[in-house]
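Participant: Structure in structure tokens, see below.
The values are calculated or read from the model by the stated rules, or taken from the named source; none is laboratory data. Keep in mind that what you see is a predicted model, and the values were worked out from it rather than measured. Cβ atoms come from the backbone with ideal geometry, glycine included; neighbour counts cover every protein chain shown.
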Ligand code: 5RP
């Protein structure tokens with residue numbers, strides 16, 4: 001699909017999700033190119049008088065929100081988020097399991113998603129890949145110390161881990177100061193079991209498998225929008 005068309009679809013999905021935003025809400029503000037379009041649309045509504053507060057899922061999203069005048073808050077002030085709008089890297093429509101974190105924000109994204117009453121995931125149809133994992137690795141956020149040891153443990157779970165590098169060729173460092181090992185498992189049939197096994201490894205902080213968190217998936221296709229709940 002041409003890049004312009006993908007961008008158009010991302011915008012459609014983002015705008016549809018922002019229709020769910022109501023005055024007085026605490027919003028989870030996602031990270032990534034699709035979520036950024038939703039943040040833009042929320043910013044436009046705030047400029048027109050909408051009253052919301054947002055919890056950003058990354059420093060990049062926090063900076064974008066501040067530029068747009070979206071008031072920010074944190075979990076010191078609120079226990080729960082009314083609605084989170086975020087993108088995803090792969091979605092299994094059978095049970096709304098997601099892979100997230102190719103943008104590097106999976107830890108904060110999961111903390112916000114787990115505290116959310118509703119999580120609307122916005123994607124273009126290229127993110128639908130049948131069985132999860134078949135085309136997208138699972139990002140695994142790992143503490144820096146001893147990452148090679150964590151990598152060996154991951155290999156023991158049949159992953160093919162690859163340390164993520166930044167544009168400068170150095171290890172990519174998350175907002176939490178950690179590394180990411182992108183782990184190719186091939187098609188994942190038991191995501192919850194895999195997630196639990198990954199989390200049990202010393203050195204693993206969080207995984208990009210989002211299970212039981214998404215409530216709505218908004219898919220933009222050339223023919224129109226589909227919402228799966
Ligand atoms: C960031 C994420 C993003 O939501 C995911 O990578 C999708 O990004 P994009 O909308 O740019 O394709 O999980 O950690």
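Participant: Looking at residue 160 and the list (1) within 30 Å of residue 40 (Cβ to Cβ); (2) in contact with a strand residue (DSSP E or B) (Cβ under 9 Å, 6 or more places away or on another chain); (3) exposed (fewer than 14 other Cβ atoms within 10 Å of the Cβ), which single condition is not satisfied?
Facilitator: (1)
Participant: Of the residues 176, 169, 212, 130, which is within 20 Å of the chain's Cα centre (by Cα), modelled with pLDDT of 95 or more, on the phi > 0 side of the Ramachandran plot and assigned to a loop (DSSP other than H, G, I, E, B)?
Facilitator: It is 212.
Participant: Kindly evaluate residue 201 against the criterion of being in contact with a strand residue (DSSP E or B) (Cβ under 9 Å, 6 or more places away or on another chain) and either in a loop (DSSP other than H, G, I, E, B) or closer than 25 Å to residue 18 by Cβ (or both).
Facilitator: Against the criterion (in contact with a strand residue (DSSP E or B) (Cβ under 9 Å, 6 or more places away or on another chain) and either in a loop (DSSP other than H, G, I, E, B) or closer than 25 Å to residue 18 by Cβ (or both)), residue 201 qualifies.
Participant: Surrounded by 23 or more Cβ atoms within 10 Å (Cβ to Cβ), part of a helix (DSSP H, G or I) and within 16 Å of the ligand (Cβ to nearest atom): is that true of residue 113 in this structure?
Facilitator: Spelling it out, residue 113 is indeed surrounded by 23 or more Cβ atoms within 10 Å (Cβ to Cβ), part of a helix (DSSP H, G or I) and within 16 Å of the ligand (Cβ to nearest atom).
Participant: Name every residue in region 71-97 that is in contact with a helix residue (DSSP H, G or I) (Cβ under 9 Å, 6 or more places away or on another chain) and more than 17 Å from residue 39 (Cα to Cα), in order of residue number.
Facilitator: 75, 89, 90, 91, 92, 95, 97 - these are the residues of region 71-97 that are in contact with a helix residue (DSSP H, G or I) (Cβ under 9 Å, 6 or more places away or on another chain) and more than 17 Å from residue 39 (Cα to Cα).
Participant: Within region 102-110, is even one residue within 16 Å of the ligand (Cβ to nearest atom), in contact with a helix residue (DSSP H, G or I) (Cβ under 7 Å, 6 or more places away or on another chain), closer than 21 Å to residue 127 by Cα and not in a helix (DSSP H, G or I)?
Facilitator: For region 102-110, residues within 16 Å of the ligand (Cβ to nearest atom), in contact with a helix residue (DSSP H, G or I) (Cβ under 7 Å, 6 or more places away or on another chain), closer than 21 Å to residue 127 by Cα and not in a helix (DSSP H, G or I): absent.
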